[in-house]
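Right, one structure below, let's go through it.
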Amino acid sequence: MWALDRPCVPRAERLCADTPLALLAVLGVGAGVVAGLVELGVLPVHAGRVAGVTAAHGALLATALAWSRAGVIACGVAVALIGLAAGASQLGPVGALAYLGPGLWVGLLATRGRLTRLGLGTPVRPWPIAAGVLVGGALSCHLLVSASRTLGVHVRVDHAADVLAAFAYDLGANVLAGESFFRGALFSRAERRWPFAAAATLATSAYVLRYLVDPLLPKSVELMVGAVFYLALLGAINCWLFAWSRSLVPGLASAAIFFAAYRTLGVR
Amino acid sequence: MSFIAAALVAVTAAIAVEDGGSASLLRHAYLVPVVAAALRFGALGGGLAAAAAILLSAPIVLPEIERSGLTSEAVEGLVTFALLGLVGVLSGVLRGKIGRHRRRYETLVTIQRTLADEAPLDLALARLRAALADRLRVHAIALVARDDERLVVAGGDRVAEGSLVARVLARGAPAFVSATGEDVQPCRAFAVPLLSRGRAMGVLAVERRGDISVAERAALEAIGAHVGLALENARLVSRQRRFTAELEERVAAARRELEELDRAKSAFVAIASHELRTPLTALQGFSEILALRRLPAEEVTRIAEVMRREARRLGRIVSDLLDLSRIERGLEPALCRVPVKLEPTIEATVDLFRQGAATHLITTECEPSLPVVDADPDALERVLTNLISNAIKYSPTGSAVRVGARALGGAVAIEVADAGRGIPAEVVHRIFEPYYRVPDAAGMARGTGIGLAVVKALVEAHGGTVRVDSTPAIGTRVTVVLPVPAGAFLDTPRRSRVG
């Protein structure tokens, strides 16, 4: 028993230890410079979007990998692959297939056992995955039913290529980076210090805040309220799924299904 | 669970069919499954049921807000959302509190029942650990308790230095560790002191893969205090019983000793009477013969010699009795010490025995130039007489008795050895006790049982020691060591009185 056999040394590691500050600084400065150049008309608007996506999702994924002690190279490769995918997706819907890159890279790291701290690469039982699918499905159904009953939003069935491209973006960047950082890294670390409720509140609040400051999210009140409502639910439930299964897979499944449903909605 | 889900769906369906919108009175029916879930599953269950109710009714309420803004009906719907959440969580919290109090009460009862039976501390701790492991729903549990200088550990082998338990034991305050290792699933550890009279007499430590809430920690602290008190009570009761048993044993031993002493004294009175009567009878008989008859001179001399020997014997017994009386009053025998040459004293005493009875071969072996000792000659003679008398009495007729003396550093050792049956090892330490006689020796020869007690007292009054070495079937050797004072005595006797 640990309390009897092992020396009890005071905790020295901070919550934000191992954060790749240099990489984050480079990403921030790079995104700022690109945004400035776009503002000055030197670079096209697309360049700004590429830089923004790379900086935001790259920072989240790189931090998650760094907290998992996957190594600097793994972080750099992940950021590069997201940047590459963001650039490729600007060329057309087919280019969005490049978002498979970050997912494959993370999968490769997981199979090598370097992401166990994130809850990836560890054995996972089928029940938590089924629960994740169920949660994602239930929230998606609710979202679609609620949306279909409102005046401003409807289920969009046209432009399937755009929907698939957006779905690829979610899988390779949005969901992957969000779940890796907010659940696998932030919630996991917070839970080692505080009770589940406090850790889940912190991780979910940060998760919701990340979407509220996202310039890509439409700024209408209804959508903001809806985003807070659904993302808070999704975030809290994914924290519970992670705490239950100690795996990121159920959360990835629920978030992927929910965002797939979200991508089918369109403003009239 | 299925009842709650079915009820939620049914209420939603009824509201939808009624088409009453967000202000439908049927919305209050959500309270039934929400409260039921709270009572069944606690705060989490109540909260989830409320969330499910809100999710199910959101498609009815939210579109209305979007269409018409915050109308009174819409506000009613929102208030219903808030009420459902509040009622679900609060009911669950209250139910959780009641459950925790009930579990705490049951745990305390379990502790009392477990420690009610008297058992050694390690066994009691093991039982208590097993009982608590069942109740506390933890992955690992250990109980440690001080038992005088050692630590009794249940649930492990030892308490490592610097461990959580060691820290709590040293500081006497609870300690919580939110993550014990680097595992993906954090394992919490909590240790509370088992307090008794303000001192940590042990530690209760638990580990769980999951939360140990503040309320649970408070409950564990209360349990720790209760276990500490119960263990202390059990220990006090055990100690009291042990003391009672020890006291009873001591009283019984003292009673046996007194009874034995009483028997010995009774036997002594009988023996002493007989010992006194024998020489008195001889003196009485011979004196009457001398008074009534006219005898030849040789016969008168012989009778006078017998009377003198019996008178000496009588005097010796009376002296022993007087010395014993002084010993029992805690006084040393009265001595009149002068420089005494040992060899003539030994030879004179041995001669008396040689003249009295020729049943044994008594030899003397004295080193030449023995130093003189500062001793009472009469006491020394009584010591030698007692020892030689014992050697003769308890050794077979015809065997040898050896009396010797030799210098021993700053002392002189006098030895009296016989070839008798010896003294059993288990009673050797008792032979100097007054009235004590070796059980199987009583039938061999007469004796009062005070001779050796007097010998010991006389020798110790001289500042010396007496030791017995006995081998059954081989013989017994008694060694008396008398100190030789610093500075040689002059040939001229110098009288001094001691005691």
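The values are calculated or read from the model by the stated rules, or taken from the named source; none is laboratory data. Note that the structure is predicted; figures quoted are calculated from it, not measured. We place every Cβ from the backbone using ideal geometry, glycine too, and count neighbours over all the protein chains shown. With ligands, DNA and RNA removed, areas are computed over all heavy atoms of the protein, side chains included. Shrake-Rupley method; radii C 1.70, N 1.55, O 1.52, S 1.80 Å.
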Seminar exercise, completed: The one condition B:Ile212 fails out of (1) out of contact with any strand residue (DSSP E or B) (no Cβ under 6 Å at 6 or more places or on another chain); (2) more than 22 Å from B:Leu229 (Cβ to Cβ) is (1)
Exercise. Residues B:Arg421, B:Arg430, B:Arg402, B:Arg406: which one is of a type in the set (Lys, Arg), buried (at least 18 other Cβ atoms within 10 Å of the Cβ) and either within 23 Å of B:Ser325 (Cα to Cα) or in contact (Cβ under 8 Å) with a residue 24 or more places away in the chain (or both)?
Worked result: B:Arg421
For this session: Look at the stretch B:109-125 and say how many of its residues are open to solvent by less than 50 Å² (accessible area, probe 1.4 Å) and not polar (S, T, N, Q).
Result: 7
Exercise. Which members of the stretch B:98-108 meet the condition of being surrounded by fewer than 15 Cβ atoms within 10 Å (Cβ to Cβ) and in contact (Cβ under 8 Å) with a residue 40 or more places away in the chain?
Worked result: B:Gly99
Seminar exercise, completed: B:Ala253: passes all of (1) free of Cβ contacts under 8 Å to residues at least 12 places away in the same chain; (2) within 14 Å of another protein chain (Cβ to nearest Cβ); (3) open to solvent by less than 90 Å² (accessible area, probe 1.4 Å) but (2)
For this session: Might you check whether a residue that is touching an Asp or Glu at 6+ places or on another chain (Cβ under 7 Å), free of Cβ contacts under 8 Å to residues at least 40 places away in the same chain and either farther than 25 Å from A:Leu252 by Cα or open to solvent by less than 60 Å² (accessible area, probe 1.4 Å) (or both) occurs anywhere in the stretch A:23-35?
Result: no
For this session: Quick one: which residue in A:Ala206, A:Ala199, A:Ala161, A:Ala232 is farther than 21 Å from B:Ala179 by Cβ and within 18 Å of the chain's Cα centre (by Cα)?
Result: A:Ala232
Problem set entry | Residue, most open to solvent (accessible area, probe 1.4 Å), within the stretch B:126-158, restricted to residues that are more than 10 Å from every other protein chain (Cβ to nearest Cβ) and in a strand (DSSP E or B) | B:Arg150
Exercise. Quick one: is B:Glu216 within 14 Å of chain A (Cβ to nearest Cβ), more than 32 Å from the chain's Cα centre (by Cα), assigned to a helix (DSSP H, G or I) and crowded, with 18+ Cβ neighbours inside 10 Å?
Worked result: yes
Exercise. What's the number of the condition B:Ala37 fails, among (1) modelled with pLDDT of 80 or more; (2) open to solvent by 40 Å² or more (accessible area, probe 1.4 Å)?
Worked result: (2)
Exercise. Which residue pairs have Cβ atoms closer than 8 Å, lie 6 or more positions apart in sequence or on different chains, and pair a first residue in the stretch A:186-207 that is within 13 Å of chain B (Cβ to nearest Cβ) and more than 27 Å from A:Met224 (Cα to Cα) with a second residue that is open to solvent by 60 Å² or more (accessible area, probe 1.4 Å) and outside any helix (DSSP H, G or I)?
Worked result: A:Arg193/A:Arg11
Exercise. Is it the case that B:Ala264 is in contact (Cβ under 8 Å) with a residue 24 or more places away in the chain and in a helix (DSSP H, G or I)?
Worked result: yes
Problem set entry | Unmet requirement for B:Ser68, which otherwise passes all of (1) within 14 Å of chain A (Cβ to nearest Cβ); (2) open to solvent by 70 Å² or more (accessible area, probe 1.4 Å); (3) small (Gly, Ala, Ser); (4) closer than 20 Å to B:Ala225 by Cα | (4)
Exercise. Do we find a residue being crowded, with 16+ Cβ neighbours inside 10 Å, at pLDDT below 85 and among the small types (Gly, Ala, Ser) anywhere in the stretch B:46-61?
Worked result: yes
Problem set entry | the stretch B:326-374, subset in contact (Cβ under 8 Å) with a residue 60 or more places away in the chain and touching a Gly at 6+ places or on another chain (Cβ under 7 Å), residue most open to solvent (accessible area, probe 1.4 Å) | B:Glu332
Problem set entry | All positions within the stretch B:159-180 that are part of a loop (DSSP other than H, G, I, E, B), more than 7 Å from every other protein chain (Cβ to nearest Cβ) and surrounded by fewer than 17 Cβ atoms within 10 Å (Cβ to Cβ) | B:Glu161, B:Gly172, B:Ala173
Exercise. A:Val225: at the interface with chain B (Cβ under 10 Å from one of its Cβ atoms) and either more than 20 Å from B:Pro186 (Cβ to Cβ) or more than 12 Å from the chain's Cα centre (by Cα) (or both), yes or no?
Worked result: yes
For this session: Consider A:Leu61 carefully, then state whether it is within 17 Å of the chain's Cα centre (by Cα), surrounded by fewer than 16 Cβ atoms within 10 Å (Cβ to Cβ) and among the hydrophobic types (A, V, I, L, M, F, W, C).
Result: no
Problem set entry | Among (1) assigned to a loop (DSSP other than H, G, I, E, B); (2) at pLDDT below 85; (3) more than 26 Å from B:Pro472 (Cβ to Cβ); (4) not hydrophobic (A, V, I, L, M, F, W, C) - the single one B:Gln355 does not satisfy | (1)
